[in-house]
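The values are calculated or read from the model by the stated rules, or taken from the named source; none is laboratory data. Please read these numbers as outputs of a predicted model, since none were measured by experiment. Methodologically, a virtual Cβ is constructed for each residue, glycine included, from the backbone with ideal geometry; neighbour enumeration extends over all protein chains shown.
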Amino acid sequence: MNSRRREVSELEAAFFREVLKDSQPLKHKSAPRPAPKHSRIQMNTNPHPVSTLPLKSTVYSERAIPGIGGHRAAHVRKGRLKPEAKLDLHGYRQEAAYRAMQRFVMHAHGMGQRVVLIVTGKSGALRDMLPRWLSESEFRNLVVGISSAHAKHGGTGAFYVALKKHRAK
(Lines give C-alpha, C1' and ligand atoms only; values in the text may rest on other atoms or scores of the structure.)
Protein backbone atom coordinates (compact mmCIF):
# COMPACT_ATOMS: atom_id res chain seq x y z
CA MET A 1 0.00 0.00 0.00
CA ASN A 2 1.10 3.51 -0.71
CA SER A 3 1.75 5.41 2.51
CA ARG A 4 1.56 8.85 0.85
CA ARG A 5 -1.71 10.73 1.20
CA ARG A 6 -3.18 13.01 -1.38
CA GLU A 7 -3.65 16.65 -0.46
CA VAL A 8 -7.26 17.87 -0.34
CA SER A 9 -7.84 20.94 -2.46
CA GLU A 10 -9.63 24.02 -1.10
CA LEU A 11 -12.48 23.43 -3.56
CA GLU A 12 -12.95 19.85 -2.28
CA ALA A 13 -12.87 21.02 1.35
CA ALA A 14 -15.45 23.76 0.62
CA PHE A 15 -17.71 21.25 -1.12
CA PHE A 16 -17.42 18.83 1.83
CA ARG A 17 -18.31 21.60 4.35
CA GLU A 18 -21.29 22.64 2.18
CA VAL A 19 -22.65 19.09 2.07
CA LEU A 20 -22.28 18.55 5.83
CA LYS A 21 -23.52 21.97 7.04
CA ASP A 22 -27.10 20.82 7.79
CA SER A 23 -26.26 17.28 8.90
CA GLN A 24 -26.37 16.13 12.51
CA PRO A 25 -24.29 13.42 14.17
CA LEU A 26 -25.89 10.06 14.86
CA LYS A 27 -26.66 9.23 18.45
CA HIS A 28 -24.74 6.32 19.94
CA LYS A 29 -26.26 2.90 19.11
CA SER A 30 -29.45 4.36 17.71
CA ALA A 31 -28.57 4.36 14.05
CA PRO A 32 -31.07 2.25 12.13
CA ARG A 33 -29.63 -0.88 10.62
CA PRO A 34 -29.98 -1.22 6.88
CA ALA A 35 -32.32 -3.93 5.67
CA PRO A 36 -30.47 -7.05 4.54
CA LYS A 37 -30.11 -7.35 0.78
CA HIS A 38 -30.41 -11.12 0.78
CA SER A 39 -32.09 -13.08 3.52
CA ARG A 40 -30.43 -16.24 4.70
CA ILE A 41 -33.33 -18.63 4.44
CA GLN A 42 -32.40 -22.24 3.97
CA MET A 43 -34.69 -24.29 1.84
CA ASN A 44 -36.23 -27.30 3.54
CA THR A 45 -34.76 -30.39 1.91
CA ASN A 46 -36.93 -32.72 3.97
CA PRO A 47 -38.81 -35.15 1.71
CA HIS A 48 -41.60 -35.22 4.33
CA PRO A 49 -42.53 -31.57 4.87
CA VAL A 50 -44.11 -30.70 8.18
CA SER A 51 -46.79 -28.05 8.30
CA THR A 52 -46.60 -25.58 11.14
CA LEU A 53 -49.52 -24.08 12.91
CA PRO A 54 -49.78 -20.30 13.11
CA LEU A 55 -48.63 -18.73 16.35
CA LYS A 56 -51.59 -17.92 18.51
CA SER A 57 -52.28 -16.41 21.87
CA THR A 58 -51.58 -19.48 23.93
CA VAL A 59 -53.73 -20.79 26.72
CA TYR A 60 -51.63 -23.10 28.85
CA SER A 61 -53.01 -26.22 30.39
CA GLU A 62 -53.21 -26.41 34.16
CA ARG A 63 -51.98 -30.00 33.92
CA ALA A 64 -48.23 -30.04 33.67
CA ILE A 65 -46.70 -32.49 31.26
CA PRO A 66 -45.54 -35.58 33.17
CA GLY A 67 -41.93 -36.50 33.66
CA ILE A 68 -40.30 -39.33 31.79
CA GLY A 69 -41.12 -42.51 33.66
CA GLY A 70 -40.54 -46.23 33.57
CA HIS A 71 -37.31 -47.67 32.26
CA ARG A 72 -36.44 -44.41 30.53
CA ALA A 73 -36.25 -42.64 33.92
CA ALA A 74 -33.48 -45.01 35.03
CA HIS A 75 -31.64 -44.41 31.75
CA VAL A 76 -31.96 -40.64 32.31
CA ARG A 77 -30.54 -40.83 35.85
CA LYS A 78 -27.59 -42.96 34.76
CA GLY A 79 -26.88 -40.93 31.63
CA ARG A 80 -27.48 -43.84 29.27
CA LEU A 81 -30.33 -42.21 27.38
CA LYS A 82 -29.25 -41.23 23.88
CA PRO A 83 -31.41 -38.62 22.18
CA GLU A 84 -32.11 -39.23 18.51
CA ALA A 85 -32.18 -35.53 17.60
CA LYS A 86 -31.16 -32.23 19.17
CA LEU A 87 -32.47 -28.67 18.98
CA ASP A 88 -30.38 -25.83 20.44
CA LEU A 89 -32.45 -22.72 21.24
CA HIS A 90 -29.56 -20.53 22.43
CA GLY A 91 -29.92 -17.05 21.00
CA TYR A 92 -33.57 -17.42 20.01
CA ARG A 93 -36.27 -15.00 21.07
CA GLN A 94 -39.44 -16.53 22.50
CA GLU A 95 -41.57 -16.41 19.35
CA ALA A 96 -38.82 -17.80 17.12
CA ALA A 97 -37.94 -20.42 19.74
CA TYR A 98 -41.59 -21.52 19.93
CA ARG A 99 -41.82 -21.91 16.16
CA ALA A 100 -38.51 -23.78 15.97
CA MET A 101 -39.55 -26.10 18.82
CA GLN A 102 -42.93 -26.68 17.19
CA ARG A 103 -41.37 -27.65 13.84
CA PHE A 104 -38.71 -29.77 15.54
CA VAL A 105 -41.14 -31.79 17.70
CA MET A 106 -43.57 -32.35 14.82
CA HIS A 107 -40.76 -33.39 12.49
CA ALA A 108 -39.17 -35.72 15.07
CA HIS A 109 -42.53 -37.36 15.77
CA GLY A 110 -43.19 -37.73 12.04
CA MET A 111 -39.80 -39.40 11.60
CA GLY A 112 -40.62 -41.92 14.34
CA GLN A 113 -38.06 -40.63 16.84
CA ARG A 114 -38.87 -41.43 20.45
CA VAL A 115 -36.51 -39.25 22.54
CA VAL A 116 -35.16 -35.85 21.53
CA LEU A 117 -33.04 -33.24 23.30
CA ILE A 118 -33.99 -29.56 23.44
CA VAL A 119 -31.30 -27.21 24.80
CA THR A 120 -32.62 -23.97 26.32
CA GLY A 121 -29.79 -22.75 28.52
CA LYS A 122 -29.52 -22.94 32.30
CA SER A 123 -31.57 -19.84 33.01
CA GLY A 124 -33.93 -17.50 31.27
CA ALA A 125 -37.38 -17.40 29.80
CA LEU A 126 -36.92 -20.27 27.34
CA ARG A 127 -36.08 -22.71 30.12
CA ASP A 128 -39.25 -21.70 31.98
CA MET A 129 -41.45 -21.66 28.88
CA LEU A 130 -40.52 -24.97 27.25
CA PRO A 131 -42.49 -27.20 29.67
CA ARG A 132 -45.46 -24.86 29.37
CA TRP A 133 -45.32 -24.93 25.58
CA LEU A 134 -45.15 -28.71 25.54
CA SER A 135 -48.22 -28.93 27.81
CA GLU A 136 -50.38 -27.21 25.16
CA SER A 137 -53.17 -29.21 23.61
CA GLU A 138 -51.47 -29.36 20.19
CA PHE A 139 -48.56 -31.32 21.71
CA ARG A 140 -50.67 -33.62 23.94
CA ASN A 141 -50.91 -36.25 21.21
CA LEU A 142 -47.16 -36.06 20.47
CA VAL A 143 -45.36 -35.76 23.83
CA VAL A 144 -45.31 -38.47 26.51
CA GLY A 145 -43.05 -36.75 29.02
CA ILE A 146 -40.25 -34.30 29.68
CA SER A 147 -37.24 -34.46 31.97
CA SER A 148 -34.06 -32.49 32.69
CA ALA A 149 -31.11 -33.84 30.77
CA HIS A 150 -28.12 -35.65 32.19
CA ALA A 151 -24.99 -33.52 32.74
CA LYS A 152 -23.31 -34.88 29.61
CA HIS A 153 -26.22 -33.60 27.49
CA GLY A 154 -26.50 -30.17 29.11
CA GLY A 155 -27.85 -30.87 32.61
CA THR A 156 -30.36 -28.33 33.84
CA GLY A 157 -29.95 -26.32 30.63
CA ALA A 158 -31.54 -29.01 28.47
CA PHE A 159 -34.57 -31.27 28.41
CA TYR A 160 -35.24 -34.76 27.14
CA VAL A 161 -38.62 -34.91 25.43
CA ALA A 162 -40.17 -38.38 25.09
CA LEU A 163 -42.45 -38.67 22.08
CA LYS A 164 -45.32 -41.07 21.44
CA LYS A 165 -45.01 -43.73 18.75
CA HIS A 166 -45.82 -42.45 15.31
CA ARG A 167 -48.91 -44.15 13.91
CA ALA A 168 -48.97 -44.30 10.13
CA LYS A 169 -52.38 -43.36 8.75
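See the values below:
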quantity	calculated
Matching residues in the stretch 104-134 - criterion: being out of contact with any His (no Cβ under 8 Å at 6 or more places or on another chain) and at positive phi	Gly124
Output for the stretch 114-127, where each listed residue is closer than 15 Å to Val161 by Cα, at pLDDT below 90 and not hydrophobic (A, V, I, L, M, F, W, C)	Arg114
Any hit, the stretch 128-143, residues being surrounded by 17 or more Cβ atoms within 10 Å (Cβ to Cβ), of a type in the set (Val, Ile, Thr), within 21 Å of Ala74 (Cβ to Cβ) and in contact (Cβ under 8 Å) with a residue 24 or more places away in the chain	yes
Whichever residue in the stretch 111-127 is closer than 14 Å to Ser148 by Cα and hydrophobic (A, V, I, L, M, F, W, C) and, among such residues, is surrounded by the most Cβ atoms within 10 Å (Cβ to Cβ)	Ile118
Elements of type helices (runs of 4 or more DSSP H) contained in the stretch 71-142, each with 3 or more residues being of a type outside the set (A, V, I, L, M) and within 19 Å of Gly155 (Cβ to Cβ)	71-78, 125-134
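Conditions tested, residue by residue: (1) modelled with pLDDT of 90 or more; (2) surrounded by 19 or more Cβ atoms within 10 Å (Cβ to Cβ); (3) not charged (D, E, K, R).
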{"position": "Thr52", "(1), (2), (3)": "no, no, yes"}
{"position": "Gly67", "(1), (2), (3)": "no, no, yes"}
{"position": "Lys82", "(1), (2), (3)": "no, no, no"}
{"position": "Arg93", "(1), (2), (3)": "yes, no, no"}
{"position": "His109", "(1), (2), (3)": "yes, yes, yes"}
